Every structure is written in structure tokens, then in C-alpha cells.
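Peer 1: So that we are looking at the same thing, I have put the structure below in C-alpha cells.
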Amino acid sequence: MKIKTKELKKFLNKVAMTGEVLINACVLDFKEDGLNINVNCETKQARAVGVLKKEAFEKYDVIGKVGVNDFSKIIKILERFGDMIIVSKEGNLLTIKGDSKTVNIEVADENLLEEDVVPPKLEFADAFEIKAIKLDDIFKDVQMNTDAEIIITTEPKLVKFTNTGKFKFMHPITSEICKGGISCKFGKPLIDALSNLDGMLSVSVGDNYPMKVIEKGENSIVTLIVAPRQEE
């Protein structure tokens with residue numbers, strides 16, 4: 001397979017998430033439609049489902065499932081390569097080849113890695129759209145505090161992001177599809193899960209309910225589900 005390094009790295013970063021919900025191991029499934037990843041983080045606070053379409057590759061091969069450990073380290077390894085890479089699998093080795101160097105990575109037995117392929121059945125009460133750059137601005141304000149809760153409330157055509165802590169910010173966001181009547185709270189895992197997204201986001205929410213965020217790009221679809229903060 002042949003693909004631009006930047007294209008593959010950006011997709012993997014979005015699925016891997018960060019911080020408390022960082023994905024450490026997963027199965028890369030090279031199917032007919034492209035590279036598929038379907039994984040829960042170890043703490044079960046977030047779930048990532050992603051498809052990097054075969055159209056993103058200059059040359060694409062259906063090689064099936066490849067189990068990987070040290071997922072974040074593999075993404076960092078990609079940063080060591082130039083503009084274009086060739087990816088192949090032979091036996092228990094995943095090979096990444098660039099213009100001037102090659103790395104062989106031992107693959108894990110995909111049967112030993114948890115792969116929950118059945119998505120949870122969730123029914124959401126409201127939805128809105130927001131640009132990832134705006135969400136990043138909200139998160140940076142929230143992080144002026146220590147361990148603050150992010151509170152999301154919806155009104156007709158309006159979403160309000162507020163937070164607990166010493167410095168209480170409020171961000172009103174207009175969204176034509178928002179119906180109103182929802183309030184939900186999230187902690188740091190929400191920031192960790194969504195921080196690598198960079199496009200227009202479709203968000204679904206409910207009262208004290210998980211949040212689902214879908215980012216659709218030209219060559220990829222990433223869906224992230226994040227659990228709400230539970231009252232102790």
C-alpha cells in the first residue's frame with residue numbers, strides 16, 4: 001500500500017485520542033472499503049470508530065486484520081518518515097518503507113486484542129454542529145481551571161458550553177438543528193478524546209448521557225463516543 005505519511009498519521013491520531021483515553025492497542029482492519037478501526041479505550045470512557053477510505057491511498061491492498069501494540073509509538077514512528085510511505089505485511093511483520101529507510105514492526109495476535117465490533121445502541125435527544133477549532137478554544141478556556149466539569153446545555157438553535165472551577169467561562173454557539181432541553185456534564189476525557197479533531201463536527205447528546213461526535217472528511221469518517229461524568 002502506498003499513502004502520504006501525513007494523511008495516515010492524521011487519521012490514526014484522531015482514532016488514538018490522547019491522555020486518559022489514549023488507545024494503546026487495537027486492530028487495524030484493511031477491508032474492501034479501506035482501513036477500519038473499532039476500539040474502546042482501556043478505561044471504557046471513550047470509544048473510537050474510524051474509516052480511512054481506500055481512496056486516501058495511492059495504492060491499496062486488502063490485507064485483513066493487523067493487531068498492533070504501542071499504537072501511539074507507531075504514530076510517532078510515522079513522523080520519522082518523509083512525504084510518502086509504503087505499508088505492507090508479511091507473516092508477523094508490518095513494514096513501513098520510506099525513501100531512505102524501512103522499519104519492521106512485530107504485529108500482535110489480533111485474537112488476543114479486544115475488538116468490540118458491535119456499536120452500543122444509543123438514542124440521543126438533541127444534536128448540534130460545531131467547528132473543531134471552536135471546540136478547541138472552549139477546551140483551552142476550561143483548562144485554565146483544574147479538573148473542571150464541562151457543562152453543555154441546549155436551547156432551540158443554541159448550545160451553551162460552561163464550566164465549573166474558579167474561572168467560569170460561557171460560550172454560546174448557534175446551531176440550526178438544535179432543539180433544546182438537554183443538560184449534560186463531562187470531564188477531562190472529553191477533551192482528551194476530541195482534541196485531535198480538526199473539521200466540522202456533528203454532535204449528539206442527551207441528559208446525563210454519552211456524547212457522540214462524527215467528523216466526516218474527504219477521505220475519512222471518525223466517530224467518537226465519550227461517557228459523561230458520573231456523580232459520585
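Peer 1: Suppose we keep only residues that are more than 20 Å from the chain's Cα centre (by Cα) and assigned to a strand (DSSP E or B) within the stretch 57-68. Which one would you say is surrounded by the most Cβ atoms within 10 Å (Cβ to Cβ)?
Peer 2: Ranking the candidates gives 64 first.
Peer 1: Let me ask something additional. Does at least one position in the stretch 102-109 carry a residue that is under 13 Å from residue 2 (Cα atoms), surrounded by fewer than 16 Cβ atoms within 10 Å (Cβ to Cβ) and more than 23 Å from the chain's Cα centre (by Cα)?
Peer 2: no
Peer 1: How many of the residues making up the stretch 42-56 are closer than 16 Å to residue 8 by Cα and surrounded by 23 or more Cβ atoms within 10 Å (Cβ to Cβ)?
Peer 2: Residues that pass the stated criteria total 1.
Peer 1: Filter the stretch 176-194 down to residues that are in contact with a Phe, Trp or Tyr (Cβ under 7 Å, 6 or more places away or on another chain) and buried (at least 18 other Cβ atoms within 10 Å of the Cβ), then give me how many there are.
Peer 2: Matching residues across the stretch 176-194 total 3.
Peer 1: A further question follows. Regarding residue 39, is this residue touching a residue at least 40 places away in the same chain (Cβ under 8 Å), out of contact with any Pro (no Cβ under 7 Å at 6 or more places or on another chain) and not in a helix (DSSP H, G or I)? Even if it seems obvious, please write down each step before you answer.
Peer 2: Details: touching a residue at least 40 places away in the same chain (Cβ under 8 Å): yes; out of contact with any Pro (no Cβ under 7 Å at 6 or more places or on another chain): yes; not in a helix (DSSP H, G or I): yes.
The answer is yes for residue 39.
Peer 1: Right, another one. Looking only at the stretch 119-147, count every residue that is at pLDDT below 95 and crowded, with 18+ Cβ neighbours inside 10 Å and tell me the total.
Peer 2: 0
The values are calculated or read from the model by the stated rules, or taken from the named source; none is laboratory data. Given the structure is predicted, the values throughout are model-derived calculations rather than measurements. In this analysis, Cβ positions are derived from the backbone assuming ideal geometry, glycine residues included, and neighbour counts consider all displayed protein chains.
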